[in-house]
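Chemist: Structure in structure tokens, see below.
The values are calculated or read from the model by the stated rules, or taken from the named source; none is laboratory data. Bear in mind the structure is a predicted one, so any value in this text is a computation, not a measurement. We place every Cβ from the backbone using ideal geometry, glycine too, and count neighbours over all the protein chains shown. The area values use the complete protein model at the heavy-atom level, side chains included, leaving out ligands, DNA and RNA. Shrake-Rupley method; radii C 1.70, N 1.55, O 1.52, S 1.80 Å.
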Amino acid sequence: MIKEFLSAKYLAWHILIALVLAVVVAATIRNPGFGLTDETLASISSWIHIPGKLFVNALKMVVVPLVFAAIAVGVAGMASQKSIGRIGSKTIALYLVTGFIAIFTGLILVNVIQPGNMSEDAALALVESVEGSADQVDMTNRVQGRSWWDLVQILVRAVPPNIFDALTNNSGLLAIIFVSVVFGFFTTKLDGPIRETMENLWQGMYDLTITVTLWIIRFAPIGVFALVTVVIIDTGFKAFGPLAWFVVTVLAALILHFFVWLPLMQLFLGRVSPFKYYSKVVKAQLTAFSTASSSATLPLTIESAQNAGVSKRVSSFVLPLGATVNMDGTALYECVVVIFIAQIYAATTGEPFGIVNQILVVLLALVTSIGVAGVPAASLVAITLILGAVGLPVEWLAIIIAVDRILDMCRTSTNVTSDLTVAAIVARSEGEELPEVKAA
Ligand code: ASP
């Protein structure tokens, strides 16, 4: 019985247990009763971080070959069935729809809850509390020299001048996607044995990376335990103080999107039972939560979608694309943060943030979320761009830095869940049965 429970079949449970253990262990270590100094805590945390880092590195190690091979295989399959245009447009349309739903959810909640609506004194105190702080200096360094031009450059870089260069950059998945779509498509234009050789090459590379992924995934509980323990040791269970309503707003919006809108879409558009489907992909959701990186989670995302019955053809195209361009949680977050800061700005200056600006924020949040890389804290740069565009003080972003990591974990899990939802809907629209998760 115990042996059975320890098998890979129960991996999602192992990860969940690891997560709970991480909270318990970190809380125990931080307990003031132990009397550990900050230095000792930092050193414990850096030791525990090692297996977590190894796990994330191992996942990142397979991301580039996996994305390349998966898309080449998927596109070659679709091109020979002449379905690439159809699947491509359905995927992009659904990604846009889920993105808009997410942003509007954030927009409505931040306007209803009004987390930044406080007295002038409280707002000034909040702004002053971060002025010149380490967070603010760190953030200023991080975003220094960034501008809208970076976003344009992301699009320019999508066509890489050097394939081998592109293949060495984990944050430049868009370029890898472009190359693999082109290679996969033109493989089908080759003749006879050469075509077969190339198809076998992509297929072999794909099978190999998936097999390696399956092996890496077995270490997920250890990785998750280490990553979450470190986050809690480093940040603790802070009383969020004046940020409490902001945190509540972000979480409420993410929860609505994650637990209500996406499952409803799953049920009505895909005729897939949300409960059955999500229970098959929960390990990807938990890994996204722990790593705060949709790119690093991608190998697990693909593996779990296939485990739920989504075909290789659909999952290997829809999911890598989604991990790069479809970031619902991120878009929602960008919108809430900017409007939260606008509310604080209004409290200190009396200048309200008009409806035109709010619409601008919605559009910019969608556009920038497409360009954001699937790595931790990536949206902070996008948020500074939006703040600058709507005339709000960029350096005030430091106000939310203290709670960003935990919210990053939650939004990344939402990003990955949206990709998985769209993959199932596209699969069903292509006539795939997904017998194990089909709604009765
Ligand atoms: N960490 C997010 C992701 O990887 C991106 C972000 O919102 O910062 O999906």
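Chemist: Report the full-extension gain for the segment Thr197 to Arg271: residue separation times 0.36 nm, less the Cα-Cα distance, to one decimal in nm. Please report the intermediate quantities before stating the final value.
Modeler: Working: separation 74, 0.36 × 74 = 26.64 nm, distance 3.82 nm.
Taking Thr197 through Arg271 to full extension adds about 22.8 nm, to one decimal.
Chemist: Just grab the label-to-label distance for Ile92 and Ile17, each label 7 Å out from Cα along the Cβ direction, in nm (one decimal).
Modeler: Label-label distance for Ile92 and Ile17, simple model: 4.6 nm.
Chemist: So how much slack lies between Val356 and Val24, counting 0.36 nm per residue of separation and subtracting their Cα-Cα distance, in nm? Don't skip to the answer; put the middle values down first.
Modeler: Details: separation 332, 0.36 × 332 = 119.52 nm, distance 4.66 nm.
Full-extension gain reported as 114.9 nm.
Chemist: Taking every alpha carbon pair in segment 98-237, what does the distance histogram look like in 5 angstrom bins from 0, in percent?
Modeler: Histogram of Cα-Cα distances, whole percents per bin: 2, 7, 7, 8, 11, 14, 15, 12, 8, 6, 4, 3, 2, 1, 0, 0.
Chemist: To check my understanding: the extent here is largest minus smallest coordinate of the Cα atoms along each principal axis. What are those three numbers for segment 22-74, in Å, largest first?
Modeler: Cα spread of segment 22-74 along its principal axes, largest to smallest: 56, 19, 11 Å.
Chemist: Taking a cut-off of 30 Å between Cα atoms, list the lysines near Lys189, but don't count ones fewer than 8 places away on the same chain.
Modeler: Candidates past the 8-residue exclusion: Lys82, Lys90, Lys312.
Chemist: For labels at Leu214 and Glu4 in the simple 7 Å Cα→Cβ model, what's the distance in nm?
Modeler: My value for the distance between the label points is 2.2 nm.
Chemist: Let me ask another. As a test of the formula, what do you get for the chain when each DSSP H run with n ≥ 4 contributes -39,500 (n - 2.57) and the sum is divided by the residue count, at 222 nm and rounded to the nearest 500 deg cm²/dmol?
Modeler: Details: 20 runs with 339 residues, N = 440.
Value at 222 nm, helices only: -26000 deg cm²/dmol.
Chemist: Oh, and also: How long, wide and thick is segment 248-334, going by the Cα atoms along their three principal axes, in whole angstroms, largest first?
Modeler: 37, 29, 20
Chemist: Follow-up. Determine the order of His49, His257 by accessible area, beginning with the largest, at a probe radius of 1.4 Å. Intermediate results must be reported in sequence, preceding the final value.
Modeler: Values: His49 70, His257 0 Å².
I get His49, His257, largest accessible area first.
Chemist: I would also like to ask the following. For Val156 and Ile255, what is the calculated FRET efficiency with R₀ set at 41 Å and r taken between the beta-carbons, to the nearest 0.05? Can you show the working numbers first?
Modeler: Details: r = 37 Å, r/R0 = 0.91.
Calculated value: 0.65.
Chemist: For segment 355-431, take every pair of Cα atoms, bin their distances at 10 Å starting from 0, and report each bin as a whole percent.
Modeler: P(r) over segment 355-431, rounded to whole percents: 16, 40, 30, 12, 3, 0.
Chemist: Give me the log10 of I(q) over I(0) for the chain at q = 0.14 Å⁻¹, as the Debye formula computes it from C-alpha points; what are the numbers?
Modeler: At q = 0.14 Å⁻¹ the computed log10 ratios are -1.36.
Chemist: Can you send over the carbon and sulfur percentage of the accessible area for segment 16-159, probe radius 1.4 Å, protein chains only?
Modeler: Numbers: 5070 of 7680 Å².
Ligands and nucleic acids excluded, carbon and sulfur give 66 percent.
Chemist: Using a simple spin-label model with points 7 Å from Cα along the Cα→Cβ vector, what separation in nm is obtained for Phe164 and Val137?
Modeler: So the two model labels end up 4.2 nm from each other.
Chemist: Over its Cα atoms, what ratio of radius of gyration to 2.2 N^0.38 Å does segment 152-191 give? Working shown, then result.
Modeler: Numbers: Rg = 11.0 Å, N = 40, 2.2 N^0.38 = 8.9 Å.
Its radius of gyration relative to the 2.2 N^0.38 Å reference: 1.24.
Chemist: Give the dimensionless ratio obtained when the Cα radius of gyration of segment 1-160 is divided by 2.2 N^0.38 Å. Present the calculation step by step, with values, prior to reporting the outcome.
Modeler: Working: Rg = 24.0 Å, N = 160, 2.2 N^0.38 = 15.1 Å.
So the Cα radius of gyration is 1.59 times the expected 2.2 N^0.38 Å.
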